[in-house]
Amino acid sequence: MNFEGWTNSDPKLQAILDDGREALRAEHAAIIDADPDAEAVAFYNSGAALESSREWIKGYVEADESLTGEARVFDPQVRINSSGLGVLFYCMDESKGATKNRKTGKVTGTPDDMSPMLQYRTTLEKDGKGVWKTRSGETERGACGQ
């Protein structure tokens, strides 16, 4: 994954960006490693987000698929809301990424009738150790531009 523009002059907002980035990396690494119970996924996710991440990873494991190629992760928008939660939106371009069947080696890209652009909308909560854990998230295909 290539992260573009993931910097902020505010240290609190940068911490949210850093932990949000690592949560995404942990999920993709768990798919590549075929490990839905990866410790890093639990380190950066909690509650509904952790359950959702594990289910998403299990889908790849059960289909015997991995990830290959590149993904561009860009246009991060980060803030802290009135409840003290981190809010992180960002875009991902999967046009150079694909799934790869572990047994056959067959590579499948994004179907022609689907946008390779995704918008992630996440909420993060700082835990007692200072980690901003993703606690909820939504993904919308086609919500981001180029």
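The values are calculated or read from the model by the stated rules, or taken from the named source; none is laboratory data. Values in this document were obtained by computation on a predicted structure and should not be read as measured data. Because the Cβ atoms are built from the backbone with ideal geometry, glycine has one as well, and the counts that use them run over all protein chains shown. Quick note on the areas: whole protein, heavy atoms, side chains included, nothing else; ligands and nucleic acids left out. Shrake-Rupley method; radii C 1.70, N 1.55, O 1.52, S 1.80 Å.
One table, with the values for the structure above:
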| item | result |
| --- | --- |
| Selection status of Glu138, of a type outside the set (A, V, I, L, M) and under 18 Å from Leu17 (Cα atoms) | yes |
| Residues satisfying the stated conditions in region 90-101, i.e. open to solvent by 70 Å² or more (accessible area, probe 1.4 Å) and either modelled with pLDDT of 95 or more or in a strand (DSSP E or B) (or both) | Lys100 |
| Region 1-53, residues that are of a type in the set (Lys, Arg) and either under 22 Å from Ala98 (Cβ atoms) or crowded, with 18+ Cβ neighbours inside 10 Å (or both) | Arg21, Arg25 |
| Evaluation of Thr110 against (1) closer than 18 Å to Leu24 by Cβ; (2) part of a loop (DSSP other than H, G, I, E, B); (3) open to solvent by 50 Å² or more (accessible area, probe 1.4 Å); (4) not charged (D, E, K, R) (one fails), failing number | (3) |
| Extreme residue, surrounded by the most Cβ atoms within 10 Å (Cβ to Cβ), among residues of region 113-134 that are in a loop (DSSP other than H, G, I, E, B) and in contact with a Lys or Arg (Cβ under 7 Å, 6 or more places away or on another chain) | Ser115 |
| Only one of Gly137, Gly59 that is surrounded by fewer than 18 Cβ atoms within 10 Å (Cβ to Cβ) and either of a type outside the set (Asp, Glu) or assigned to a helix (DSSP H, G or I) (or both) | Gly59 |
